[in-house]
Amino acid sequence: MDDDRIAEIVGQWSRERPDLDPSPLLIIGRIQQIAAVLDAALRPPFAAADLGNGDFDVLAALRREGEPYTLTAGQLSQRMLVTTGAVTKRVDRLIAHGLVSRSVSAADARGRVVGLTPAGAALTDRLIEEHLANEAAILGGLSDSDRRTFERLLAAMTRTLASGDFQPEGMTHPEAPTQR
C-alpha cells in the first residue's frame, strides 16, 4: 500500500479547494485502501476450500455457538449482521457442499434450524486456525499498545457509525441516496 498517495490526494484537494477540509480522507481513504488489501490477503484460504464470500461467516457463527452447532436463519442473520435472504443463499451453497444441513426445529415444528455437519465442523476448525494466523501476521507490525489503541479507536468509530450521528447538516444519510 502506498500511504503517500492518500496524503498526495489530500494535498491536491487542499490546493484546489482551500475552502474544504480534506483531512478525513487521511483516515477514510486509508480504511478503504486497507479493506481492499485485507480482502485480498484473507480470501485465499476460503477460496481454496471452495467457499464463496460470506460462507465462512456462516460456518464460524455455527461453530462459535457450541454443540449442537445449530441456529435459525434469523439467529444467523443477527450474528453475521446480514439479511436473512443473504443467509439463505449462503446456507444453500453450504448445503450443496455438505458442510451444513437444514432441519425441522425441535423447539418449533414450523421453524427450521441450520446445523454444521461433521465435515463442516472439521473444515471450520481448520480454517479458523489459518484465518487467525493470517490476521495475527497482518497485525504483526503493530505493538501491543498500538493494537489496543487501534481497537479502541475502531470501536469508537463503529459506535459513531451505528448511531448515525455522522450525518453532516443538510446532507442526506448515505443509505438514503437522493436524485441529482
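Per-residue ellipticity at 222 nm for the chain, helices alone: DSSP H runs ≥ 4 residues times -39500 (n - 2.57), over residue total, nearest 500 deg cm²/dmol? List each step's numbers first, then the result.
Numbers: 8 runs with 110 residues, N = 180.
Mean residue ellipticity at 222 nm (helix-derived): -19500 deg cm²/dmol.
Percent of accessible area on the chain owned by carbon and sulfur, 1.4 Å probe? Walk me through the numbers before you get to the answer.
Details: 6810 of 12230 Å².
Looking at the chain in its full context, I get 56 percent from C and S.
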**Report entry** Rough spin-label spacing in nm, given labels placed 7 Å along Cα→Cβ, for R110 and I27
**Finding:** 4.7 nm
Query raised in the report: Is any residue of region 118-141 close enough, with backbone N under 15 Å, to a label point placed 7 angstrom from the Cα of A41 along the Cα-Cβ axis, and if so, which?
Result: 131-141
Query - Taking only Cα atoms of the chain, radius of gyration then Dmax in Å - result: 20.8, 66
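Cβ neighbours within 10 Å, averaged per peptide: list 71-82, 101-112 in order, most packed at the top.
Details: 71-82: 16.7, 101-112: 10.9.
Answer by packing, highest mean first, reads 71-82, 101-112.
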Query raised in the report: What is the spin-label model distance, in nm, from H97 to Q12 if the labels are put 7 Å beyond Cα along the C-beta direction?
Result: 4.0 nm
**Report entry** Karplus (6.51, -1.76, 1.60) ³J(HN,Hα), θ = phi - 60°, over region 92-108, in Hz, Gly and Pro reported as x
**Finding:** 4, 5, 5, 4, 4, 8, x, 9, 9, 10, 10, 9, 5, 5, 5, 7, 8
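How much net charge surrounds V87 when only other residues with a Cβ under 13 Å from its Cβ are counted (Lys, Arg +1; Asp, Glu -1)? Show your work: numbers first, answer last.
Details: positive: R79, K89, R90, R93, R102, R112; negative: D55, D57, D92.
Counting the neighbours of V87, the net charge comes to +3.
Order the peptides 35-43, 90-98 from the highest to the lowest mean number of other Cβ atoms within 10 Å of their residues.
Values: 35-43: 11.7, 90-98: 16.9.
Those peptides, ordered most packed to least, come out 90-98, 35-43.
What do you reckon, how do F46, F166 stack up by accessible area (1.4 Å probe), largest on top?
Numbers: F46 20, F166 70 Å².
In descending accessible area the options line up as F166, F46.
The values are calculated or read from the model by the stated rules, or taken from the named source; none is laboratory data. These figures come from a predicted structure and were not determined experimentally. Here Cβ is always computed from backbone atoms with ideal geometry, including for glycine, and neighbour counts include all displayed protein chains. Heads up: the accessible areas ignore ligands, DNA and RNA and are worked out on the full protein's heavy atoms, side chains in. Shrake-Rupley method; radii C 1.70, N 1.55, O 1.52, S 1.80 Å.
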